[in-house]
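Note sheet for the following structure.
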Amino acid sequence: MKAVATVKLTAGETLGCIDLSRVIDGFVDLFRGNLYMEFVSTELNQPSGLERTVAVNAHKTSKDGEDVQYEASFTVPSDFGEIGGVLVLNENHKEIFLKDIVIITDNTVDENFSVITCNSWVQAKSISSEKRIFFTNKSYLPSSTPSGLQRLRRKDLETKRGDGHGERKAYERIYDYDTYNDLGNPDSNEDLARPILGGSRQFPYPRRCRTGRPPSHKDPLSESKGSSIYVPRDEAFSEVKSLTFNGKTLTSVLHAIIPAVNSALIDINLGFKNFTDIDELYDQGFKVPDNLHGAKALLHRLCNSIKDTADDVLQFELPSLIKKDKFSWLRDEEFARQTLAGVNPYAIELVKELPLISKLDPIIYGPPESAITEEIIEREINGEMTASEAVQRKRLFMLDYHDLFLPFVHKVRELQGTTLYGSRTLFFLKRNNTLTPIAIELTRPQSPQNSQWKQVFTPSSDATQNWLWRFAKAHVCAHDSGYHELISHWLRTHCSVEPYIIAANRQLSVIHPIYRLLHPHFRYTMEINALARKYLISGGGIIEISFSTLKYSMELSSVAYDQLWRFDREGLPADLIKRGMAEKDSEAEHGLRLAISDYPFAADGLLIWSAISDWVSSYVAHYYPQPSTVSDDVELQSFWTEVRTRGHADKKDEPWWPNLTDSTVLADVLTTIIWVASAHHAAVNFGQYDYGGYFPNRPTIARTPMPTEQDISGHGGGFEKFVEKPEETLMECFPSQIQATIVMAVLDVLSNHSPDEEYLGEAAEAAWEEDSVVRAAFERFNGRLKEIEGIIDERNGDAGLRNRKGAGVLAYELMKPFSAAGVTGRGIPNSTSI
């Protein structure tokens, strides 16, 4: 027999802007050692009961671009049995990325070979002398594992679990749990101390991957900071992904830093003077100052990451929404449409009863009744029906940020440069299936110094009332931006998926069919989450700088997890039903009837959900033909128990966790995990620059209170100045120049598809290809997703669907499965990868 192992060369970040072939020619010298391999039989030796192996040293024989090949010829006894895996020891001087090992059993027959797919980092023997096991592409349930592989299967899982002690090293592949005790940095600044999220009743939260860094000096319960954050080695970005991400990040730093430097010379809180100033971000850009030589040099190092411009001018790309219609953000219809087809379609809900009543304690927060009365509703819908009839006919909808935000109002207002309200925004469903906003209620809770303040704002043709309506919408948009980023996006995708990844790697063998089903949907998530903990959600990070809740942002996320998160409602159908946006109907497509038929996210999302469900159900049925095979699968049951009791330990005793008793329940659980990691994340991520890149459309912070707000003494928010200079007053409420440009730059990064993106249903895993039943099921899945692309295109071309088609209306493409690289506003990656 002959074995051919393919190793991919990696040369670090230097590959971005120089001739790759020159790098490889010099870099290959590091790979002069051998690969030691032991091929393992699926059968044990008898009567010793030990594994049967054949050892061989593979030598480097050729190089093809980035790939180096190692070959070895060897002989196996005729009674050796089927090869089930290979133990590998890396005798080079550097870690290698082992792509695959091809075993050729007859050199005269091209088809007579098998492939062991590895796609994993193997450390040099000087770092780790333990041999790595790589199994063949054949999947086994624990009960059907051949005797020759059983011990190796158990040992591999034990290695990945670790012992829970010590600081993790970058080269390790250990998966373990910890709380979010690394968000603050008290050693640097006491003002950067932050509460620990997870492990307490006050701040429940999912768990993250344990790094084992030492405790901080000033808070022994918090973890100290370091230059990098550990993730298991195989969870790290690929080189292409790293180059793309770093290039985009460096570009974005330039976008953000240049206006910041200019502004900081005057006032770090400096806002825009008028809308013309905002337009110049896209029309004229920023000229890099002559004294910033480092920034100019960086321009050249970025190669093609940014476009050459005269006089070193940097410009933001005009977002697609504004390209279509510069004034679309001003229209009430667009404000309402974005609740159904924008970047946060997870918040709109049906009004099920009137009056609207807060569930918060009135002794603490003041009277619970909403100021949006039936009289206001009936006036704003022009007497078309009574308010009660509107509720009965399911014509009233709401963005409800009242009870979640209200407990944070006073402490947020103690911070400089921001303000907060609890809010309710009411919408009326018109006969053409579009929403129109009819009322916004903003509430400040009572305090020892002041009584409760609340006011309802409505659309108006009166100049003063119209400007107040714009102010109120700005506050609501800031609330929606915070809810979107902290809850719909971070909490419900990134944060909640990480425990699934950890549990799968600790409890499911790599040859378990469910591990192989889920693994593509975990790609890059732990790495991007670690980067988020370092830059985005950390104390003093981008979220705290730029969103209304500032230093309390992650506390808000914890409260939302406590009050709102339930695994059994994370699937799309259950989520829509919970919000009243759909109800079960056996005669309707997908078994659901939407409350608003032209709800682009829901309509397209259900197509994707159903396609995933069909694929997963076929896959599960193949491996679990009987209910007992599910309940008797010890690895599967351990995985699910660990998700509940360790990954989401603060909710481990909730009664709503599904019990894995049969293939139907299992398929629904897996469909939910895949949906969240792929389509849910795509829906709330890849439209961020299109909708938030022009910040007046989605300001992340409202810095000043409403001009009409008054305290008990009659002092208020500057009504006289507002009347005289409404545009200037609105600019003071909008994000500052620094806040706006930082957020715009980050949204540009987050909306970007890497060139090595792997899309939902695009390509089969190697293990699926080798099983004819699974391969056929995946081909049906792939074919259905291509059909869905066409269906979505047809819908976007239908002039009768006004939430998709119309003058200045941005087509809804976030649920289109496939995309090119870059900021495209479409494409569903397999995983939460950015």
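The values are calculated or read from the model by the stated rules, or taken from the named source; none is laboratory data. What you are looking at is a predicted structure, and each value in this text was computed from that prediction instead of being measured. With ideal geometry, Cβ positions are generated from the backbone for all residues, glycine too; neighbour counts draw on all protein chains shown. Accessible surface areas use protein heavy atoms only, side chains included; no ligands, DNA or RNA. Shrake-Rupley method; radii C 1.70, N 1.55, O 1.52, S 1.80 Å.
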Q.
When you check TYR561 against the structure, is it modelled with pLDDT of 95 or more, of a type in the set (Ser, Thr, Tyr), closer than 30 Å to ASP653 by Cβ and open to solvent by 10 Å² or more (accessible area, probe 1.4 Å), yes or no?
A. no
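Search region 205-233 for residues being among the hydroxyl-bearing types (Ser, Thr, Tyr) and under 18 Å from LEU192 (Cα atoms), and hand back the single one that is surrounded by the most Cβ atoms within 10 Å (Cβ to Cβ).
SER222
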**Q.** Matching residues, region 523-545, being within 11 Å of the chain's Cα centre (by Cα) and of a type in the set (A, V, I, L, M, F, W, C)
**A.** MET526, ILE528, ALA532
Q. Is at least one residue of region 444-467 of a type in the set (Asp, Glu), in contact with a strand residue (DSSP E or B) (Cβ under 6 Å, 6 or more places away or on another chain) and either modelled with pLDDT of 95 or more or more than 30 Å from GLU724 (Cβ to Cβ) (or both)?
A. no
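Report yes if ALA595 is open to solvent by 10 Å² or more (accessible area, probe 1.4 Å) and in contact with a Leu (Cβ under 6 Å, 6 or more places away or on another chain), otherwise no.
Yes; evaluated as a whole, the condition is true for this residue.
Select, from SER126, SER188, SER139, the only residue that is touching a Pro at 6+ places or on another chain (Cβ under 6 Å) and open to solvent by 10 Å² or more (accessible area, probe 1.4 Å).
Only one candidate passes the filter, namely SER139.
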Q. When ARG168 is evaluated against the numbered criteria (1) under 29 Å from ILE542 (Cβ atoms); (2) at pLDDT 95 or above; (3) out of contact with any strand residue (DSSP E or B) (no Cβ under 9 Å at 6 or more places or on another chain); (4) of a type in the set (D, E, K, R), which criterion, by number, is the only one it fails?
A. (3)
Q. Restricting attention to region 770-799, which residues are open to solvent by 20 Å² or more (accessible area, probe 1.4 Å) and touching a residue at least 40 places away in the same chain (Cβ under 8 Å)?
A. GLU770, ASP771, VAL773, ARG780, ARG784, ILE791, ARG795
Q) Is it fair to say GLU95 is farther than 28 Å from GLN46 by Cα and acidic (Asp, Glu)? A) yes
Q.
It is to be established whether one or more residues within region 639-647 are touching a Gly at 6+ places or on another chain (Cβ under 8 Å), modelled with pLDDT of 95 or more and either closer than 21 Å to THR525 by Cβ or surrounded by fewer than 23 Cβ atoms within 10 Å (Cβ to Cβ) (or both).
A. no
Q: Please verify whether region 230-251 includes one or more residues that are modelled with pLDDT under 95, touching a strand residue (DSSP E or B) at 6+ places or on another chain (Cβ under 7 Å) and among the hydrophobic types (A, V, I, L, M, F, W, C).
A: no
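What is the residue count in region 155-188 for residues that are assigned to a loop (DSSP other than H, G, I, E, B) and in contact (Cβ under 8 Å) with a residue 24 or more places away in the chain? Please lay out each step first, then the result.
So in region 155-188, the residues assigned to a loop (DSSP other than H, G, I, E, B) come out as 162-176, 179, 181-188.
Those still in the list that are in contact (Cβ under 8 Å) with a residue 24 or more places away in the chain too: 164-176, 179, 181-188.
Adding up the residues that qualify gives 22.
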**Q.** Within region 32-52, tally of residues that are buried (at least 18 other Cβ atoms within 10 Å of the Cβ) and either of a type in the set (Asp, Glu) or over 43 Å from the mean Cα position of the chain (by Cα) (or both)
**A.** 3
**Q.** Residue that is open to solvent by 40 Å² or more (accessible area, probe 1.4 Å) and under 20 Å from GLU38 (Cβ atoms), where the choices are LYS169, LYS155
**A.** LYS155
Q.
Which of the numbered conditions does GLY718 fail, given that it passes all the others? Conditions: (1) out of contact with any Lys or Arg (no Cβ under 9 Å at 6 or more places or on another chain); (2) crowded, with 24+ Cβ neighbours inside 10 Å; (3) of a type outside the set (Lys, Arg).
A. (2)
Q) Could you count how many residues in region 269-298 are open to solvent by less than 60 Å² (accessible area, probe 1.4 Å) and either at pLDDT 50 or above or not aliphatic (A, V, I, L, M) (or both)? A) 15
**Q.** Options HIS494, HIS512, HIS479: the member that is within 30 Å of ASN269 (Cα to Cα), at pLDDT 95 or above and out of contact with any Gly (no Cβ under 6 Å at 6 or more places or on another chain)
**A.** HIS479
Q: Please go through region 634-647 and pick out each residue that is touching a Leu at 6+ places or on another chain (Cβ under 6 Å) and either farther than 19 Å from ARG153 by Cβ or of a type in the set (D, E, K, R) (or both).
A: GLU635
Q: Out of THR425, THR436, THR464, report the one residue that is of a type in the set (Val, Ile, Thr) and open to solvent by less than 10 Å² (accessible area, probe 1.4 Å).
A: THR425
**Q.** Failed condition for TYR515, given (1) within 18 Å of the chain's Cα centre (by Cα); (2) free of Cβ contacts under 8 Å to residues at least 60 places away in the same chain; (3) farther than 25 Å from ASP575 by Cβ
**A.** (1)
Q | Selection from region 694-721 of residues that are more than 16 Å from LEU420 (Cα to Cα), touching a helix residue (DSSP H, G or I) at 6+ places or on another chain (Cβ under 9 Å), modelled with pLDDT under 95 and not charged (D, E, K, R) | A | GLY718
Q) Across region 343-397, what is the number of residues that are open to solvent by less than 60 Å² (accessible area, probe 1.4 Å), part of a loop (DSSP other than H, G, I, E, B) and not β-branched (Val, Ile, Thr)? A) 15
Q) Out of all the residues in region 86-108, is one or more in contact with a strand residue (DSSP E or B) (Cβ under 9 Å, 6 or more places away or on another chain), assigned to a loop (DSSP other than H, G, I, E, B) and free of Cβ contacts under 8 Å to residues at least 40 places away in the same chain? A) yes
Q. What do you reckon, is ASP632 modelled with pLDDT of 95 or more, of a type in the set (D, E, K, R), surrounded by fewer than 22 Cβ atoms within 10 Å (Cβ to Cβ) and out of contact with any Ser or Thr (no Cβ under 8 Å at 6 or more places or on another chain)?
A. no
Q) Taking helices (runs of 4 or more DSSP H) that do not extend beyond region 531-644, which have at least 1 residues that are free of Cβ contacts under 8 Å to residues at least 60 places away in the same chain and closer than 30 Å to GLY271 by Cβ? A) 542-546
**Q.** Filter result for SER451 (small (Gly, Ala, Ser), touching a residue at least 60 places away in the same chain (Cβ under 8 Å), part of a loop (DSSP other than H, G, I, E, B) and open to solvent by 10 Å² or more (accessible area, probe 1.4 Å))
**A.** yes
(Q) Condition first: crowded, with 20+ Cβ neighbours inside 10 Å, touching a His at 6+ places or on another chain (Cβ under 6 Å) and at pLDDT 95 or above. Can you find one or more residues in region 523-530 that meet it? (A) yes
